[in-house]
Every structure is written in structure tokens, then in C-alpha cells.
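Peer 1: I have a structure I would like to understand better, so I am pasting it below and will then ask my questions one at a time.
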Amino acid sequence: RDTKSIMDTKKIEVENNTSQVDDNGLSVTKIRNHSGQWVDAHQTFVQGGVHATTNNPGIDGQKSWEEVDWDEIRENLAKSSLDTEQDILPEDVRSDLEDQNAVMWEDFYTRNQTNAYKHRRYLTTVYPVVAGEGTITTDDGSMPVIMEVGCGVGNTLFPLLEANPDKYFHAFDCSSTAVDLVINNEEYVKERCNAFVLDITREDIAPHIAENSVDVAFMIFVLSAVPPNLHEEVLAKVKRVLKPGGTLFIRDYGLYDLAQMRFFAKKNSKIGDNYYKRGDGTLSHFFSKEAIEAIGVNAGFDAVDMDYTTRLLVNRKRMLKMYRVWVCAEFVKPIVD
């Protein structure tokens, strides 16, 4: 494939190829680049950021958001591309980015306020343990305790707080601006919530929350923003405040997610294996389920379940297929360490 011609293309017309399949039997939409070569429309989009148009009715007739098989995506769309990925940025650049990580998130929330993310109301369906009242029973009959690591401006916290009036919530973030926005939000219920500033990569949770006091902890798109050399240390801090038998749920970016493939198209963004810097200076790591299981086990947890959630997103306006991959993990703190 003539990679340069793909990268230089500003607009490519897509031919009508509704019946074409690749060597693995996957339906694909093919486009011609300026050299006359057939290339995959999705690969072109994620590698070169190409704007494409099509008269192909096949995409328009599909659902805009459907579950698809992870293995097909991993093996047939992404791996071969990332195997030829660009050079890694120097170690001193990576070190500076990691040292400034909390500062970059403070800048992010100062700039975006509450406009960056939508409320994750789907979590009450994904996690039955927070689906409503009566889902957790404590030994002493006290109010169950939930903790969110990296709460941001409350996009996870507030839907869970609303759906679970019988539970108490701890929530913290490294950004003081984000935490202020949480506390001053009309959805904040101070009688059932304790929000505070804490950088878990540099501080312990225990002075703020008693050890062995939390029933369930959530890390929703948080571990990916933590430097990889601190992953196990961060999870060990979470484990310390969980009750024996308490559960940690992690939902984060999976290997070969669309976001990672877009990083592949950019120069000067890779700072480690499956590890990148965003344009705003924050960090993003992508996990295989094997990798995230090893992190949890090495931190002292028992691994309960590791899986991928994979979706096909169809952009009807641009007539393109795009794939999202998330890794979902469930860990339990052993009854006896």
C-alpha cells in the first residue's frame, strides 16, 4: 500500500462495493487512493484522518451502534497497523509529561468545566450492584459504601448517587477544579457523599477513608490516565480501603480501540507500548484483558472476570465504520491476605 498517498489525501471518493469481503470473510468498504490502489476505508480513516464520501447504501442501512466480535477487529483491522507504529518519544519527554499529569488534568477541567463528558447513566445497567436500592447487604446493617477513584466532575458519581439512595459515596480526583464543580453541583447530596481532592499517584487514600471500610470501588476510564509504572501501586491503595471481600470494577480503553488507532496516525504522540500523550498533555494507556488482569493480581486482588466490550460505530454522514473497544475487569479483595 502507498501509505504516503493515503496520508496526503484530503478527500477520497468511495466506490460502491457492498458485496466485497477481505481474506478473513469480513465485510469491508474499499476506496481508491490517488495511486489507484484499493484500500480499506476504516484503515484509511484511522491512519490518515481522511474525509471520505460514499454512494454505498450498505453502511447507511446498518445500526449506528452495535456489538461486534472483538477478535475479528483485533486481528484483522488493527494489529498489523500498530506493528509498524512510529518511534517512541524520548524518555525525558515522557518523564516530564508524567510529572505534570495532575497539572494537565487541572488545566483540562479549568478549560472544559462540565462540558467534556456526559453522565454515564448506563452504568446502573452494566453493574447490577449499583442498579438501585437493596443491591448490597452489609454484615452490621450499616449503609453500604461506594468509592469512585478519579471522579472528574461527577459524570459517574451523580447517576449512581441518584439511583442508590441507600448507599454512601466517597469520590475524589486530582483536580481541585473538578472537585469544586462536583461539590457545587445541585445533584450533590452532602449527607450521602464525601468528595475531596486527592492525587492517588502521589498520596494514600487511607487518611481520608478508613481502611477496610468500602464495599465497592469504581475506576471508570481512570487507570488509562495513570503512568503504567504506577498501575499496581494505585490498585494496591484502592485495595487497602476495601473491605475483605470488597469489589473493584474497572472499565477502560481496550487495546486497538479507535482512539488508539487515531494516535497511530499522529506523529510525536507515542511515549511507550500502547501508551500515548493526548493533544492537551494528558496521558492515555490502552489495555489488553491479560495485561489488566496481571496488574490487579500483582496488586493483591483475586481476578473474577476480564472481558472486552466492543462496538461498531457507523458515522452515516461520512459513511464510515469505526470501532470502540473497552476492557472491563472485576477484582475482589481476598478475605484473608
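Peer 1: Whole angstrom only: what separates the Cα centroid of the range 187-253 from the Cα centroid of the range 152-173?
Peer 2: When both Cα centres are located, 13 Å separates them.
Peer 1: I've got another one for you. E290 versus E232, label points 7 Å from Cα toward the beta carbon: distance in nm?
Peer 2: The modelled label-to-label distance comes out at 1.8 nm.
Peer 1: Under the rule of at least 5 residues apart or a separate chain, name every residue whose amide H is placed under 5 Å from the amide H of N194.
Peer 2: Here the answer is F169, H170, A171, since their amide H atoms fall under 5 Å of that of N194.
Peer 1: So, one more: Top to bottom by accessible area (1.4 Å), largest first, where do L181, L283 land?
Peer 2: L181, L283
Peer 1: With a 1.4 Å probe and all protein chains kept in place, how do L235, L230 rank by accessible area, largest first?
Peer 2: L230, L235
Peer 1: When the accessible area of the range 139-250 is split by element with a 1.4 Å probe, what percent falls to carbon and sulfur?
Peer 2: 46 percent
Peer 1: Right, next: So which of K167/K333; K118/K277; K118/K237; K277/K333 end up more than 30 Å apart, counting from Cα to Cα?
Peer 2: Result: K277/K333 exceed 30 Å.
Peer 1: Taking H placed 1.01 Å from N in the peptide plane, check which residues at least 5 places from G246 or on another chain put their amide H under 5 Å from its amide H.
Peer 2: K333
Peer 1: Give me the dipole magnitude in Debye, nearest 20, for the range 191-337 about the Cα centre, with unit charges on the beta carbon: positive for Lys and Arg, negative for Asp and Glu.
Peer 2: 1220 debye
Peer 1: Over the range 158-279, average the accessible area per residue using a 1.4 Å probe and give it in Å², no decimals.
Peer 2: On a per-residue basis, 37 Å².
Peer 1: Restricting the count to DSSP beta bridges whose residues both fall in the range 179-303, what percent are antiparallel, rounded to a multiple of 5?
Peer 2: 40 percent
Peer 1: If you take the square roots of the eigenvalues of the alpha-carbon gyration tensor of the range 100-246 and sort them as a ≥ b ≥ c, do you get rounded (a/c under 1.5), prolate (a/b over b/c) or oblate?
Peer 2: In terms of gyration-tensor shape, oblate.
Peer 1: Further question: Multiply the residue separation of D99 and R278 by 0.36 nm, subtract the distance between their alpha-carbon atoms, and state the gained length in nm to one decimal.
Peer 2: 62.9 nm
The values are calculated or read from the model by the stated rules, or taken from the named source; none is laboratory data. In this text the structure is predicted, and so the values were computed from the model without any measurement. Ideal geometry is used to build each Cβ from the backbone, glycine not excepted, and the neighbour counts take in all protein chains shown. Just the protein is used for accessible areas: all its heavy atoms, side chains included, with ligands, DNA and RNA removed. Shrake-Rupley method; radii C 1.70, N 1.55, O 1.52, S 1.80 Å.
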